[in-house]
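Enquirer: Supplied in structure tokens, the structure appears directly below.
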Amino acid sequence: MTSSSNAVPPVLIIGAGTIGLSIGWELARTGTPVQIFDRDAPGRGATWKAGGMLTPDAELQFEESELYRLNHESLDRWPAFVETLERETGIDLGFRTEGTLTVAPDEDSAAAMERVYKFQKKVGADVERLTGAEAREHEPFLAPHVAGAVYTDDAQVNNRALVRALVAGINNYEGSIHSQTPVEAVDPDADAPAVVTAAGDRIEGQQVIVAAGAWSRQIEGLDEAVRPPVRPVRGQILELESRPTFDLRHVVRGPDAYLVPKADGRVLVGATSEEKGFEKAVTAGGLYNLLEGALELVPGLRELTVRRSDVGLRPGTRDNAPLLGPSGAPGVLYATGHYRHGILLTPVTAQEIATLVRTGTVSEWLEAFLPARFADAPAAV
Ligand SMILES: Cc1cc2nc3c(=O)[nH]c(=O)nc-3n(C[C@H](O)[C@H](O)[C@H](O)COP(=O)(O)OP(=O)(O)OC[C@H]3O[C@@H](n4cnc5c(N)ncnc54)[C@H](O)[C@@H]3O)c2cc1C
């Protein structure tokens, strides 16, 4: 592989997950040449294993208000993002808008749900409190003992179709994706930063973007002080096959599991959240907990066929928020650390990072998520 001979040097992106691909597509469609490197096939990291929920209100946590604002902005950008990507590629993204029911299976969890609901109301989230009977009217597949629910008007997408569409979208323009091409190191430089592949090729570009998900910290060539503080958080997930008589419409979330009915007939049951380093085992205990938590919410799940179990590594950070913007090393940007929300945050990340590459300006959306917020913190992730 040799350096590009284009008059305009390419933007080099490490990682072809939803983040690297969507930034690549956004840049390519506005005339910036891009080269994307992945050590695997595109999108086979956390992006492939995700539930595809776009649910900022339902997943709102205490003390994550800046992240909530970004999550919501991204949800607002999803319809136009889907419309453009589907139009350019002809690929159906399985975008669904029936919304989410966060369900309390018993009185104890109803009390906990009530506390979160009050917080959600306080910060202005669009949430609707339902009794158990009202929740079952919305979603007849809920268990009869359900004590109450909160409805949120949000969305979901087929994350695997998203990968296929982004790859097709990039191929329509001046973008190339190098699969099976691990990047070993970056070589920071203000004018001509470069990536060095495991095969020893050195490719120079105008900017390097590290979008390598949970593995972002493993890339060599960056000073310890600026290496991205990202760690893997394991998520196990089950894929079931729906039946014509099992027409679950909503995303259903409970205290121990969620169910995501996909437009293509799959029903996903997720997900564990485990600090196990890079170990990618599917465990008996993990699957047991998911099934127990899911059956408590929707007993009809019992009859569905199990297609597969899977595991993904979320790119976690210390404050659960992504690292977006200048890395502190010349010519190198970060777009990583999206943890539980990387699919949701795809449009806002792609558009704001592409704007930063083109203009050199950090937009108001990126300010709270600049990597520099960790600059004085201890190196451990
Ligand atoms: C079980 C589970 C369920 C989830 N559900 C949701 C959900 O419902 N909604 C939501 O918004 N988010 C969800 N997430 C989180 C979401 O999947 C991630 O935040 C998102 O996929 C991160 O995207 P990414 O592109 O940063 O990382 P990844 O998709 O992991 O992509 C990183 C890519 O970098 C490549 N790479 C790594 N190192 C190198 C290297 N040295 N050289 C070349 N390539 C390299 C990898 O091969 C990989 O393809 C879920 C995650 C899991 C695990």
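Enquirer: Report the extension gain between residue 249 and residue 69 in nm, rounded to one decimal, defined as 0.36 nm multiplied by the number of residues separating them, less their alpha carbon distance.
Expert: Computed gain between residue 249 and residue 69 is 62.1 nm.
Enquirer: Moving to a separate point now. On a straight-distance basis, which aspartates and glutamates could pair with residue 122 in a cross-link, Cα separation under 14 angstrom, same-chain partners fewer than 8 positions away excluded?
Expert: Output for residue 122: 57, 63, 64, 114.
Enquirer: Using only the alpha-carbon atoms, how far is helix 159-171 inclined from the longest principal axis of the chain? Give it as 0 to 90 degrees, nearest 10.
Expert: With rounding to tens, the tilt is 30 degrees.
Enquirer: What's the angle, to the nearest 10 degrees (0 to 90), between helix 284-297's Cα axis and the longest principal axis of the chain?
Expert: Approximately 50 degrees, to the nearest ten.
Enquirer: Would you compute, from DSSP H runs of 4+ residues alone, the mean residue ellipticity of the chain at 222 nm, taking -39500 (n - 2.57) per run and dividing by the full residue count, rounded to the nearest 500?
Expert: So the helix-based figure for the chain works out to -8500 deg cm²/dmol.
Enquirer: According to the Cα gyration tensor, what semi-axes, each the square root of 5 times an eigenvalue, does the equivalent ellipsoid of region 180-263 have, listed from largest to smallest in whole Å?
Expert: Ellipsoid half-lengths, sorted descending, are 42, 16, 12 Å.
Enquirer: I want to check the label-to-label distance for residue 273 and residue 307. Put each point 7 Å from Cα in the C-beta direction and report it in nm to one decimal.
Expert: Rounded to a tenth, the inter-label distance reads 2.6 nm.
Enquirer: Over the residues of region 1-154, compute the C-alpha Rg and express it relative to 2.2 N^0.38 Å.
Expert: 1.37
Enquirer: To check my understanding: the extent here is largest minus smallest coordinate of the Cα atoms along each principal axis. What are those three numbers for the chain, in Å, largest first?
Expert: Extents along the principal axes: 65, 43, 38 Å.
Enquirer: Any aspartates and glutamates with Cα under 12 Å of the residue 262 Cα? List them, leaving off those in the same chain fewer than 8 positions away.
Expert: Output for residue 262: 98, 239, 241, 247.
Enquirer: Next question. Using the alpha-carbon atoms, what tilt in degrees (0 to 90, nearest 10) does helix 346-359 show relative to the longest principal axis of the chain?
Expert: The angle comes out at about 20 degrees.
Here, each number is a calculation from the coordinates, and none is a lab measurement. If you're wondering where the values come from, they're calculated on a predicted model, not measured in any experiment. Here Cβ is always computed from backbone atoms with ideal geometry, including for glycine, and neighbour counts include all displayed protein chains.
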